[in-house]
Amino acid sequence: MIASVCQLMQLQIGSSGSIQGIEGMNPILQRRLADLGVSEGCTVCLKGKGPFFGPVMLECNGQLLAIRRNEASKITVNVS
């Protein structure tokens, strides 16, 4: 099976992938996400997108998190 790389924002709702990298994000926010378990190599599932460019809801390690679309666009995922 061929794996493709895309931004977290490009995933369809309900699809999942493993995080390949987090680039260009505020280091403090990146550290906070790492503390919550969102780091390279972990599996994330896109649960929903808020209306009017609202936040994105994702699941990682059994936790539901909401992050801004701007931050979600800086996360690249491997979809297999």
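Can you pull out the residues in the stretch 56-73 that are of a type outside the set (Gly, Ala, Ser), surrounded by fewer than 18 Cβ atoms within 10 Å (Cβ to Cβ) and either over 10 Å from the mean Cα position of the chain (by Cα) or closer than 17 Å to residue 31 by Cα (or both)? Of everything in the stretch 56-73, those that are of a type outside the set (Gly, Ala, Ser), surrounded by fewer than 18 Cβ atoms within 10 Å (Cβ to Cβ) and either over 10 Å from the mean Cα position of the chain (by Cα) or closer than 17 Å to residue 31 by Cα (or both) turn out to be 61, 63, 64, 65, 68, 70. When restricted to residues that are under 21 Å from residue 6 (Cβ atoms), in a helix (DSSP H, G or I) and free of Cβ contacts under 8 Å to residues at least 24 places away in the same chain, the stretch 20-51 contains 1. Consider the stretch 1-22 and keep the residues that are touching a Cys at 6+ places or on another chain (Cβ under 9 Å) and farther than 9 Å from residue 46 by Cβ. The one that is surrounded by the most Cβ atoms within 10 Å (Cβ to Cβ) is 19.
Rule-based calculations on the coordinates, nothing more; no lab input. The structure displayed is predicted, hence computed values, not measured ones. Reconstructed Cβ throughout: ideal geometry from the backbone, glycine too, with neighbour counts over all protein chains shown.
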